[in-house]
Structures are given as structure tokens and as C-alpha cells.
Amino acid sequence: MYRKSILSRFTAAALGGASLFASTAAFAGEITVWCWDPNFNVAIMKEAGERYTAKHPETTFNIVDFAKADVEQKLQTALSSGTTDALPDIVLIEDYGAQKYLQSFPGAFAELSSKIDFSGFAPYKVQLMTMDGAVYGMPFDSGVTGLYYRKDYLEQAGFKPEDMQDLTWDRYIEIGKAVEEKTGKKMLGLDVNDAGFIRILMQSAGGWYFDKDNNLSVNGNPALKAALETEQKILQAGIYKPAAGWTEWVGTFTSGDVASVTTGVWITGTVKAQADQAGKWGVAPIPKLNVEGAGHASNLGGSSWYVTAGSAEKDEAIDFLNEVYAKDVDFYQKILTERGAVGSLLAARTGAAYSEADAFFGGEKVWQNFSDWLAKVPAVNYGVFTNEVDTAVTANLPALGEGKPVDDVLKAIDSQAQGQIQ
């Protein structure tokens, strides 16, 4: 895949002269990267490549834009067949799928913990790419969550921004009832055929579908049970506007039909795209579940970069990721400002872009808040079969609205999940 041969690398090195040998690493290869989303991941990786090339002009980048599903299919096919020559040097992997690849294909990705200092990254991001004590990825964007809310609607119902701090979900539901009574607006949009909301709540209490030993954890999982109970309470209270699919869900808040949305930081750009709503929004920590260990920080989504172990440019690719993604604080200011990307390097929050007040949110330092919450996201074990269990959860969510006891819903999820991961 567009890689220079060993001979061409040495030829390039020879032609590079003294300037090349004076650098800390004598690299002269082309780094091929697979990723998706031209306006986010691809654009950000191009920026990273330009920064590295400015200091290492002998290195070039071939950043290939695929659909996310195509990246996953090509990666799976190449790893399953053992045709690693078809793989890129760096590939973007969604965090939920990281352990699936690491555990299913041991040795396929380069171990990075001996070459990169991971102590400065959000702990939950490092944990999800760790196997047998070794770290295999470079943490990238975070899906740290927040509670976005319409200050104007809340004010009409008698609530101030300070009333939205340190909430429990029970209190949130009470506020939602008052908001609807006073304004006629629902509190949130909810797609009952999407498990994303459940995942946010479950991780906020330090739980997931699997325990630390990779055993399925559905029955007897207090975080999952509390998450399902909370969604059932919201459904029974009637404070939500139904949404079928992504477009309808986004429309519930961009249209002004609901008073809040709980999701990942990546939605900020969509919220701010509604210019007529400037000054009307605030952001608070998400409400807390009523279970031991629960907090106000969670995550939804996010991806990270992985270097393939068989890459001819492996050392060069690792050096690039280390120099830009692990050390360049200014890089994180630029991708935040231009792309709305909240990275996982905690030192980035000391930069100017993170400390700026946002006029759209009434002068709140929203990026600073999100970066603070990022450090508090609980680390959980996403396991190998998150998507399969997610399917089982999604299939059983409508039963919550029908009043089915949560314990029975958990049993149904467990039964379906057991069948899907055999």
C-alpha cells in the first residue's frame, strides 16, 4: 500500500544529506493512514501530518478517506486472512471496538507503551486500549458528555443555571415536568430504539456490559439496571419527544422543541449552528444515577489511532504520533477551534482555546468544563462484544415504555446477548 521499499528508503536517506542525519530520527517513508469523516478525522490527521512534515520534510503522508464501515470491513478482512501487506501504517478504530481487534488479533498492532508516555492522557482512554498491561493505541478524540440545556426555557419554568448543577436523574425528571407545564416543551428528545443514552448512564456509574475479566455482566449489574430504570422513569413521565433515528433526534433540539440534550461533546458544533439560539444555551455536568460509585462524568463515542505491527514504516509512524498527538498542545488548540475536537491529552486544557469564554453559551467556558469532566470519566472494559450486546439492549428498550419490570428486561437482554456472543 504505497509504501517505499527498504531500498528506496535508504536511497532517500542518502540523498537527504547531512540535514537528515542531524535529525533525531532518520525517517524517509510514506505513512499511509486509513480513517473516515473528511471534515473531522481526515482533516485533523492532515493537520497533524503537516505539522510533522514541517520538521521532518523527508516524511510524506497518504491519508485515505473511507466510510467508517469500509475501514472496519477492510481491516477485519485483512487481519482475518493474514494479508497484512494490504494494511495501512496507521488506522483509526472506534473505541468500542478496540478490544475486539486487540484480543481477536494478538500481535497485529504495535505495542506503544514502551515508546510513549501515556500518563498525561485521560485514564479511561488509555484503559480501553490496554491489553495484558501493554498499551496499543494513541488516544484521540473524546466523547465526554454534558447536559446541554435551554436557559430560556428553564428560566420560564423558574429555574436558574445553578439549579442545573449536581443534579440527580430523579431531580432532572421533576424539572422536566415543571418545564413542560410552564412552557409546553418536552425536556429531551429520545430514540427508544437507540442504546446510546443507556451507555452514557451506565458508564457514568463505572459499569459496562462486561466485567474486568470479560464476563458478560447484565444480570446483577447495578449500573445497567439503574440506567434502564432511569429511561423507564423518563418514558413513564412523558417528558420526552419521540425520535426515530439520528436526523429526527437532532431535530428535536435544533428546532427548539425540547429543553435539553445529554450526549457527547461532539454535538457542540450542531448546537452552535443554530445562530438564532445564541445565548440561550448552557452546559452542565450530566445528572447522576442513584447507585454507589455513580458520578457526573461519562462518555459516548470516540476513536483512537493504531499502528499496524507489520508496517514497514512502524517506527516512523510511532514517532509521528508521539511528536504530535502526545506532545503538541498547540495542535489541540487548533483542532478544537477549527473542528470542535476535544482531544484526550489533558495538558491541552491549559491552552488558550480551552480557556476562552463562548458567547454562544452566554460566556461560559464550555471547553474548559468538558476538559475537566474528561479527566473524571470512569474507565470501563468495553470487551469484545459491545456491539452485539448493544443490539440485545436496543431490542428490549421498547419494553420499558410498555411497563415491563426492569428485572425482566434485564433477563431478556441477558438471554439474547448470550445467544449473540456464543
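The values are calculated or read from the model by the stated rules, or taken from the named source; none is laboratory data. Nothing here was measured: the structure is a model prediction, and the numbers come from that model. Cβ: placed from backbone, ideal geometry, glycine included. Neighbour counts: every protein chain shown. Heads up: the accessible areas ignore ligands, DNA and RNA and are worked out on the full protein's heavy atoms, side chains in. Shrake-Rupley method; radii C 1.70, N 1.55, O 1.52, S 1.80 Å.
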If I go through region 231-251 residue by residue, how many of them are of a type outside the set (A, V, I, L, M, F, W, C), farther than 14 Å from residue 184 by Cα and outside any loop (DSSP other than H, G, I, E, B)? 8
What are the pairs with Cβ atoms under 7 angstrom where one residue, in region 177-194, is more than 19 Å from residue 248 (Cβ to Cβ) and the other, located anywhere, is aromatic (Phe, Trp, Tyr) and in a helix (DSSP H, G or I)? Sequence gap at least six, or different chains. 179/153; 183/153
Checking residue 354 against (1) open to solvent by 20 Å² or more (accessible area, probe 1.4 Å); (2) without any contact (Cβ under 8 Å) to a residue 24 or more places away in the chain; (3) hydroxyl-bearing (Ser, Thr, Tyr), the condition it does not meet: (1)
In region 78-89, what count of residues is obtained for those that are of a type in the set (Ser, Thr, Tyr), surrounded by fewer than 12 Cβ atoms within 10 Å (Cβ to Cβ) and assigned to a helix (DSSP H, G or I)? 2
Enumerate the pairs (first residue in region 231-251 and under 18 Å from residue 287 (Cβ atoms); second residue anywhere and in a helix (DSSP H, G or I) and open to solvent by 70 Å² or more (accessible area, probe 1.4 Å)) with beta-carbon separation below 7 Å, excluding pairs fewer than 6 apart on the same chain, so at least 6 apart or on different chains. 237/177; 239/177
Considering residues of region 168-187 that are open to solvent by less than 10 Å² (accessible area, probe 1.4 Å) and in contact with a helix residue (DSSP H, G or I) (Cβ under 8 Å, 6 or more places away or on another chain) only, the residue nearest to residue 286 (Cα to Cα): 169
Tell me which residues, restricted to region 287-297, are over 18 Å from residue 173 (Cβ atoms) and small (Gly, Ala, Ser). 293, 295, 297
Out of all the residues in region 13-58, which are open to solvent by less than 30 Å² (accessible area, probe 1.4 Å), at pLDDT below 50 and small (Gly, Ala, Ser)? 13, 16, 17
Anything in region 252-276 that is farther than 16 Å from residue 189 by Cα and open to solvent by 10 Å² or more (accessible area, probe 1.4 Å)? List them, or say none. 266, 269, 272, 273, 274, 275, 276
Would you please list the contacts, defined by Cβ atoms under 8 Å and residues six or more apart or on different chains, that run from a residue in region 131-152 that is crowded, with 24+ Cβ neighbours inside 10 Å to a residue that is of a type in the set (Lys, Arg)? 139/125; 142/125
Of 345, 336, which residue is of a type outside the set (Gly, Ala, Ser), in contact with a Pro (Cβ under 9 Å, 6 or more places away or on another chain) and open to solvent by less than 30 Å² (accessible area, probe 1.4 Å)? 345
Region 252-286, residues that are part of a helix (DSSP H, G or I) and closer than 20 Å to residue 173 by Cα: 252, 253
Could you list, ordered by first residue, the pairs with Cβ atoms under 9 Å in which the first is in region 38-63 and of a type in the set (Asp, Glu) and the second is part of a strand (DSSP E or B) and buried (at least 17 other Cβ atoms within 10 Å of the Cβ), at least 6 apart or interchain? 50/61
Being under 23 Å from residue 343 (Cα atoms), open to solvent by less than 40 Å² (accessible area, probe 1.4 Å) and of a type in the set (A, V, I, L, M) is the filter here, so list the residues in region 379-401 that pass it. 380
Just checking, does region 356-366 include any residue being assigned to a loop (DSSP other than H, G, I, E, B) and either of a type outside the set (Gly, Ala, Ser) or within 30 Å of residue 236 (Cα to Cα) (or both)? yes
Selection within region 295-314 - small (Gly, Ala, Ser) and part of a strand (DSSP E or B): 301, 302, 303, 304
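One line per residue, one yes/no per condition, for (1) within 22 Å of residue 91 (Cβ to Cβ); (2) of a type outside the set (Gly, Ala, Ser); (3) at pLDDT below 95:
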position	(1), (2), (3)
291	no, yes, no
311	yes, no, no
347	no, no, no
354	no, yes, no
377	no, yes, no
Kindly evaluate residue 220 against the criterion of being part of a loop (DSSP other than H, G, I, E, B) and buried (at least 16 other Cβ atoms within 10 Å of the Cβ). no
Answer from 215, 193 - the residue that is out of contact with any Asp or Glu (no Cβ under 6 Å at 6 or more places or on another chain), under 19 Å from residue 127 (Cα atoms) and open to solvent by 70 Å² or more (accessible area, probe 1.4 Å): 215
Hits in region 362-378 (condition: surrounded by fewer than 22 Cβ atoms within 10 Å (Cβ to Cβ) and touching a Gly at 6+ places or on another chain (Cβ under 8 Å)): 362, 364, 369, 376, 378
